[in-house]
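Here you go, one structure.
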């Protein structure tokens with residue numbers, strides 16, 4: 001056989017075998033020998049090597065081989081371009097996928113289903129809804145009907161773009177073809193609707209999945225659980241947990257935390273504790289957020305004993321309390337008027353090197369005022385300043401209100417003046433503080449001082465309401481100063497705070513509700 005000359009088919013077969021076995025360098029060497037022997041290489045030889053590099057995701061060598069093919073005058077075919085599209089798709093390189101597809105069409109090479117689906121899959125990792133929709137349109141122009149993966153890719157792209165309406169549009173098109181029911185696409189749509197705050201649509205698609213007998217997972221329920229929990233729909237979240245239990249789906253830790261937190265925000269301490277216990281029973285490890293939410297719920301219910309129990313329980317389970325946990329238990333102490341225990345928990349914070357926040361000190365100040373210890377409350381304001389914690393509007397409001405309750409308007413005045421001097425604290429004028437002080441001076445039979453603070457309230461843009469004016473008017477009437485009462489009645493009318501019984505001309509100075517006006 002020494003006189004036989006190798007043919008293109010001989011070389012192609014050898015090159016293909018080498019490439020398939022992963023010997024790409026040797027395959028390239030035989031391709032070079034083939035060209036050197038003046039035997040015309042065909043596109044099959046190059047595609048075999050391109051396929052090998054595509055499997056290895058070796059972009060650099062694949063690009064070199066593709067360019068070499070062009071330089072040698074070999075026309076790339078649909079398979080050649082598809083291999084290049086695939087290697088770019090593996091890297092998620094949308095630009096090069098888009099450019100390769102464009103070059104393919106401009107070269108007169110027809111894109112097939114593989115070409116377009118590869119491009120669609122790549123675009124699904126982006127938020128380019130328009131781009132992926134155009135590719136699906138091209139697929140239809142070729143007479144090819146989009147399959148489940150194509151629809152799923154479009155819906156995923158819509159989800160990345162947070163476009164719930166378009167995701168639903170494509171899902172409706174998909175489900176209109178009964179053979180294309182896809183649990184993944186429906187789960188994605190449930191998620192994007194929930195994240196967009198369109199809870200009703202999310203619930204609808206979740207129900208459609210059940211009706212169609214499609215498998216639902218924790219990822220299906222998760223976004224809806226979080227969306228409903230965020231708006232405080234505790235009963236609806238609990239219903240979703242019941243559905244998951246019936247379908248033997250294990251809720252994730254974050255889903256338990258969402259439900260517990262929703263219960264806490266509503267003040268449902270018993271339900272928050274119940275779900276934390278359910279979490280423990282399911283052997284899902286609670287974290288600091290789980291326990292902190294329950295402590296917060298107990299604080300809102302003024303159940304200090306249970307709040308302290310859960311802090312101690314989390315520590316027994318090896319979970320360190322954080323500043324949120326401590327703030328919640330100190331708040332529980334404050335609500336119950338347990339100043340000594342609040343200070344004990346602050347001491348624990350210091351021992352753990354956890355820096356108190358303005359919320360920590362506000363709770364301590366509240367505990368002092370509830371116990372009637374105004375001096376100690378003022379002492380905590382000094383302490384917080386020493387520690388570099390800036391008092392906020394709640395700090396001053398608590399002190400002003402406490403002073404008023406103790407019938408000490410002079411002391412309330414001092415704190416309100418300090419508050420008013422700090423424009424950062426007064427970011428929004430505090431109507432409550434001004435109203436409390438006006439009422440205190442009016443009750444003390446000091447209408448001029450009440451009027452002074454009413455004028456100051458209006459000057460800082462705090463918008464006095466009808467009650468503020470009527471207290472001043474009534475105070476002047478009580479000491480027979482009718483002229484001054486009429487003056488403030490006129491001011492109230494010009495301020496357009498509403499028509500009220502002002503106390504002028506024998507009226508009782510009690511503001512009427514909007515429904516009575």
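The values are calculated or read from the model by the stated rules, or taken from the named source; none is laboratory data. What you see is a predicted model, and the numbers here were worked out from it, not measured in a lab. Positions of Cβ are backbone-derived with ideal geometry, glycine not excepted, and every protein chain shown enters the neighbour counts.
Would you mention how many residues in segment 342-358 are crowded, with 18+ Cβ neighbours inside 10 Å and assigned to a helix (DSSP H, G or I)?
Residues meeting the conditions: 4.
Every residue, every condition in (1) out of contact with any strand residue (DSSP E or B) (no Cβ under 6 Å at 6 or more places or on another chain); (2) modelled with pLDDT of 95 or more; (3) surrounded by fewer than 23 Cβ atoms within 10 Å (Cβ to Cβ), yes or no:
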{"site": "241", "(1), (2), (3)": "yes, yes, yes"}
{"site": "253", "(1), (2), (3)": "yes, no, yes"}
{"site": "259", "(1), (2), (3)": "yes, yes, no"}
{"site": "266", "(1), (2), (3)": "yes, no, yes"}
{"site": "275", "(1), (2), (3)": "yes, yes, no"}
{"site": "280", "(1), (2), (3)": "yes, no, yes"}
{"site": "284", "(1), (2), (3)": "yes, no, yes"}
{"site": "289", "(1), (2), (3)": "yes, no, yes"}
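Quick check on residue 185: is it surrounded by 23 or more Cβ atoms within 10 Å (Cβ to Cβ), at pLDDT below 95 and farther than 22 Å from residue 230 by Cβ?
Values: surrounded by 23 or more Cβ atoms within 10 Å (Cβ to Cβ): yes; at pLDDT below 95: yes; farther than 22 Å from residue 230 by Cβ: yes.
So residue 185 passes the test.
In addition: Return a yes/no flag: does segment 311-330 have any residue that is touching a helix residue (DSSP H, G or I) at 6+ places or on another chain (Cβ under 6 Å), at pLDDT below 90 and part of a helix (DSSP H, G or I).
no
Mind counting the residues in segment 34-64 that are farther than 19 Å from residue 87 by Cβ and touching a residue at least 12 places away in the same chain (Cβ under 8 Å)? Outline the logic, then answer.
Keep residues of segment 34-64 that are farther than 19 Å from residue 87 by Cβ, which gives 34-42.
Now narrow it down to the ones that are touching a residue at least 12 places away in the same chain (Cβ under 8 Å): 34-35, 37, 39-42.
Counting residues in segment 34-64 that are farther than 19 Å from residue 87 by Cβ and touching a residue at least 12 places away in the same chain (Cβ under 8 Å) gives 7.
Another one. Residues being within 21 Å of residue 165 (Cβ to Cβ) and surrounded by fewer than 19 Cβ atoms within 10 Å (Cβ to Cβ): count how many of those fall in segment 210-227.
0
I want to confirm something. Restricting to segment 118-144 and keeping residues that are in contact with a helix residue (DSSP H, G or I) (Cβ under 8 Å, 6 or more places away or on another chain) and in a loop (DSSP other than H, G, I, E, B), which single residue is nearest to residue 192 (Cα to Cα)?
127
Further, regarding this structure: Filter segment 496-509 down to residues that are surrounded by fewer than 15 Cβ atoms within 10 Å (Cβ to Cβ) and in a loop (DSSP other than H, G, I, E, B) and give me whichever is modelled with the lowest pLDDT.
508
If a residue must be surrounded by fewer than 18 Cβ atoms within 10 Å (Cβ to Cβ), assigned to a helix (DSSP H, G or I) and touching a helix residue (DSSP H, G or I) at 6+ places or on another chain (Cβ under 6 Å), how many such residues does segment 97-117 contain?
Final tally of qualifying residues: 1.
Sticking with this structure for a sec: Within segment 369-474, which helices (runs of 4 or more DSSP H) (wholly inside it) include 3 or more residues that are under 17 Å from residue 358 (Cα atoms) and out of contact with any helix residue (DSSP H, G or I) (no Cβ under 7 Å at 6 or more places or on another chain)?
374-386
Shifting gears a bit: Can you tell me how many residues within segment 55-80 are within 22 Å of residue 23 (Cα to Cα) and either modelled with pLDDT of 90 or more or not in a loop (DSSP other than H, G, I, E, B) (or both)? Give the derivation first.
So in segment 55-80, the residues within 22 Å of residue 23 (Cα to Cα) come out as 55-69, 79-80.
With the extra rule that they be either modelled with pLDDT of 90 or more or not in a loop (DSSP other than H, G, I, E, B) (or both), the set shrinks to 55-56, 59-69, 79-80.
The total comes to 15.
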